[in-house]
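Here's the structure, in structure tokens; my notes come after.
The values are calculated or read from the model by the stated rules, or taken from the named source; none is laboratory data. Quantities reported herein were computed from a predicted structural model and do not represent experimental measurements. Note: ideal-geometry Cβ built from the backbone for every residue, glycine included; neighbour counts use all protein chains shown. With ligands, DNA and RNA removed, areas are computed over all heavy atoms of the protein, side chains included. Shrake-Rupley method; radii C 1.70, N 1.55, O 1.52, S 1.80 Å.
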Amino acid sequence: MENCDRVIVDRRQFIKLSAYSGASLAIGIQLPGCSSKNDNELSVGAWLAIKSDGSVVFNLSKAELGQNIKTSLAMLVAEELDVNLSQITVKLAQFDEAYGSMSTAGSASIRELWQPIRKSAAIARNLLLQAGAAGLSLKVSQCDTQDGYVVEKDAQNKVSYGSLVSIAATLDIPEKIELKSNREFSVLGKEQASLDLADKVRGGVEYGIDKQIDGLKYAAIKQAPFGAKLKSIQLNVNDEKLKVVKLKKAVAVVADNYWSAQRAIDRASVEWSESKYQGESDGSIRQKYRELLDNPGKSFFSQGEKAAAGQQIISDFEIASQAHVAMEPMNCTVDLNDEGCDIWVSTQNPAGVHAAAKAILETGISKWFNKIASFLGAEDSIRVHPMMVGGAFGRRLQSDFVEQAVIIAASIEGAVKLIWSREEDIQHDFYRPFTAHRLICDYSESGEVVNWQHRVVGPSKGRSAGGASNFPYKHKFLSVEYHLEKTGVPVGSWRGIGNSHNAFIMESVVDQIANAVGQDPIAYRLANLPQDSRAYGVLNRAVSEAKKVAGEQSYLGVALHQGFGSYCAQVAELQKKNETIKLVRVTCVVDCGIAVNPLAIREQIEGGVIFGLSACLGAEINVRNGIVQQSNFHDYPIPTMHDAPIIDVHIVDSEEKPGGIGEVGVPPIAPALANAIFQATGKRFTRLPFESSPF
């Protein structure tokens with residue numbers, strides 16, 4: 001548990017941490033002594049600058065995907081710097097190695113930056129406090145900070161941060177840096193709406209797809225089936241302004257506007273080579289995977305010693321491929337100009353974008369020239385400008401669409417915006433992988449788990465088996481084995497990653513054991529969790545909260561999962577009328593450590609539940625001969641407002657260090673719903689999406 005007392009960090013620790021996190025001591029903070037190159041601001045590290053007018057600029061090095069990280073990280077600054085959030089301007093940081101990892105994935109943003117950003121703000125506050133005390137002719141101990149001012153304790157005298165920046169920039173970093181204790185928090189732990197909520201409502205937020213620059217052309221694209229290449233294209237639209245750009249596995253049409261380009265590519269006659277995955281389909285993959293389940297795999301995780309037990313359950317599961325279907329389809333704007341290459345893109349991975357563009361643009365002698373220029377300190381000629389993101393869920397960790405946009409821009413020697421149609425977006429995703437599972441559980445007559453053995457077959461080790469070892473219940477032996485069997489279907493990280501489906505398997509089998517030994521599934525779970533554990537705490541409270549509001553004719557299904565540094569339990573409530581069942585409520589309890597912004601946490605859990613429901617209720621990707629059979633929302637349905645249940649979210653008051661939250665709401669919903677359906681109908685589902693509609 002993180003100590004509630006003040007965290008004290010010496011200068012050496014801060015410098016080490018800054019180097020590890022990628023922070024640099026920017027102008028205004030040099031060692032030893034300081035000589036600011038800019039009298040109008042005090043900059044600490046790569047993230048933070050205090051201006052002479054008292055405003056604070058926070059450079060956001062993570063992607064804003066709708067998870068409200070823009071606001072939550074700004075709250076860290078406000079807390080330690082002692083300023084109002086209204087004084088902080090948040091800017092999306094251009095790609096720079098000074099920030100360290102700019103990747104936004106694995107619910108890691110708060111966990112990675114919890115200490116570094118707070119320490120940068122605490123350093124700035126300390127320097128301003130010293131400068132303010134000197135300006136007020138007082139000792140530092142006689143002063144405090146409040147709302148962007150250095151104030152004299154128990155008096156009316158105060159001086160603004162803005163008036164102190166030039167002096168503060170000349171001071172040395174203090175030997176000891178104190179962070180506030182949890183008890184001193186006045187900003188963190190309070191609900192805070194998105195800082196740009198009003199702009200979003202008015203349509204004033206600029207996403208990647210909105211970017212406009214002078215002389216911009218538009219490109220639409222059609223891509224080959226998996227494993228095929230472009231052979232030929234014939235345009236069937238008479239327009240001399242159109243330009244065709246051929247890629248190895250795709251073809252693009254460039255026009256003055258997007259709709260002209262899309263119409264032309266839609267009407268074009270395109271011939272592809274035969275796919276090297278001809279004959280591969282869901283059926284052939286399924287058969288191959290099921291055969292592999294009969295054989296031991298490589299060890300992914302092992303704990304304890306195998307022991308004898310009297311009872312055994314063997315359950316097989318299948319997880320279908322899932323698309324991401326972000327509301328903002330893949331797009332990228334590239335401008336090749338005299339100063340190099342500028343890229344504006346909605347991305348989770350700016351470093352990957354930079355690397356992809358560099359690999360295309362730096363060839364032959366230019367590669368060596370740029371290496372020499374970089375060594376001499378010349379500015380990078382490839383500039384990545386991350387944009388606001390209209391949904392990602394792991395899809396925008398890839399840079400395939402960026403590579404296409406750069407190639408197209410190089411072909412026309414100018415500026416272009418590539419926009420994928422919804423059909424391209426669904427049919428050329430990096431999908432949650434198709435996987436097959438066998439769970440073998442040996443247990444005692446009383447239901448105690450003795451040997452828990454999970455065998456996984458899939459095309460990606462981590463994305464298939466990840467999270468399968470997060471089994472919270474008492475056991476003697478736990479093993480996870482895997483068979484790595486690649487297919488022609490591209491795979492990537494899908495919200496929750498391996499946890500999103502392995503929670504379904506684990507919690508379904510736990511439910512089966514409880515029923516096999518004649519115990520109530522809820523009581524069984526609680527009896528097999530340590531009562532002082534965080535897992536027990538969230539499950540016990542979730543059941544309690546659900547029962548408070550459940551109707552008389554309700555059926556409850558429960559599920560628990562731990563991952564990304566957090567714990568989440570969910571209870572699905574079904575109501576049955578005339579043999580028809582309906583999901584009416586999902587009660588969620590989450591323990592994510594210190595709750596930086598409870599409002600954002602609730603929103604993320606709500607969104608995770610809805611996202612997870614899409615994987616239960618009919619949406620799946622089918623592939624035949626390298627071609628995805630689904631193309632739009634008519635055959636890849638996602639939940640609508642009409643489908644959404646009431647979602648109650650309760651947050652555990654905790655002093656543990658912050659855990660992740662973006663992925664956490666997804667894993668428990670599938671097993672909670674499946675277990676509730678079993679309670680109501682006696683039907684057990686072992687596939688995602690469910691084998692048939694339960695409603």
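Annotation: amide H of Asn157 within the under-5 Å range of Glu152, sequence separation 5 or more or interchain, hydrogens built in the peptide plane. With a Förster radius of 41 Å applied to the C-beta separation of Asp256 and Ile314, the computed FRET efficiency comes to 0.10. Taking Cα centre as origin and charging only the Cβ of basic (Lys, Arg, +1) and acidic (Asp, Glu, -1) residues, the dipole magnitude of the chain rounds to 1060 debye. Computed from the Cβ-Cβ distance with R0 of 22 Å, the FRET efficiency linking Lys577 to Lys548 stands at 0.50. Computed from the C-beta positions of Ser186 and Arg541 and an R0 of 30 Å, the FRET efficiency is 0.65 to the nearest 0.05.
Across the range 367-522, the mean sequence separation of Cα contacts (distance under 8 Å, 6 or more residues apart), normalised by length, yields a relative contact order of 21 percent.
If I take every Cα pair under 8 Å that is 6 or more residues apart in the chain, average their sequence separation and divide by the length, what percent do I get for the relative contact order? Intermediate values should be presented prior to the final figure.
On the way: 1574 pairs, mean separation 101.7, N = 695.
About 15 percent, as a whole number.
Translational diffusion coefficient of the range 483-566 (Stokes-Einstein, Kirkwood radius from Cα pairs, 25 °C, 0.890 mPa s): 162 µm²/s.
Multiply the residue separation of Asp214 and Thr640 by 0.36 nm, subtract the distance between their alpha-carbon atoms, and state the gained length in nm to one decimal. Each step should come with its number before you reach the end.
Working: separation 426, 0.36 × 426 = 153.36 nm, distance 3.84 nm.
Stretched out fully, the Asp214 to Thr640 stretch lengthens by 149.5 nm.
Placing a label point 7 Å from the Cα of Val270 along the Cα-to-Cβ direction, the residues of the range 316-349 with a backbone N closer than 18 Å are 329-332. Label-to-label distance for Asn625 and Ala523 is 5.8 nm, based on points extended 7 Å past Cα in the beta-carbon direction. Check cross-link reach from Lys288 to the lysines: straight Cα distance under 24 Å, and skip same-chain residues fewer than eight apart. List returned: Lys276, Lys298, Lys461, Lys486. When the charge dipole of the chain is built from unit charges on Cβ atoms (+1 for Lys and Arg, -1 for Asp and Glu) and taken about the Cα centre, the candidate among Ile407, Gln562, Pro598 whose Cα reaches farthest toward its positive end is Ile407.
Once you keep just the Cα pairs under 8 angstrom separated by 6 or more residues, what percentage relative contact order results for the range 108-208? Kindly include the intermediate steps, with their values, before the conclusion.
Numbers: 76 pairs, mean separation 23.8, N = 101.
Answer for the range 108-208 is 24 percent.
Tell me, what is the 1.4 Å probe accessible area of Arg624, in Å² to the nearest 10? Its heavy atoms expose roughly 130 Å² to the probe. Under 21 Å of direct C-alpha separation, and excluding same-chain neighbours fewer than eight residues apart, Lys683 reaches these lysines: Lys576, Lys577, Lys582.
Could you tell me which residue out of Tyr218, Tyr636, Ile647 lies farthest along the dipole of the chain toward its positive end? Charges go on the beta carbon: Lys and Arg +1, Asp and Glu -1, centred on the Cα centre. Looking along the dipole axis, the top candidate is Tyr636. Annotation: extensible slack from Glu97 through Phe695 equals 210.2 nm (criterion: 0.36 nm per residue apart, minus Cα-Cα distance). Each residue of the range 189-200 was assigned a 3J(HN,Hα) from its phi angle through the Karplus curve 6.51 cos²θ - 1.76 cosθ + 1.60 (θ = phi - 60°); the sequence is x, 9, 5, 9, 5, 3, 4, 10, 4, 4, 5, 5 Hz, with glycine and proline shown as x.
Of Lys91/Lys417; Lys474/Lys657; Lys91/Lys241, which sit over 27 Å apart, Cα to Cα? Long pairs (Cα-Cα over 27 Å): Lys91/Lys241. Over all Cα atoms in the range 38-82, the spread is summed up by Rg and Dmax: 11.5, 36 Å. Label reach from Ser299 (point 7 Å along Cα→C-beta): in the range 481-499, amide nitrogens under 20 Å belong to 481-484. With all pairs of separate Cα atoms included, the chain yields a Kirkwood hydrodynamic radius of 27.6 Å.
For the pair Asp338 and Lys248, the difference between a 0.36 nm per residue extended length and the Cα-Cα distance amounts to 29.6 nm.
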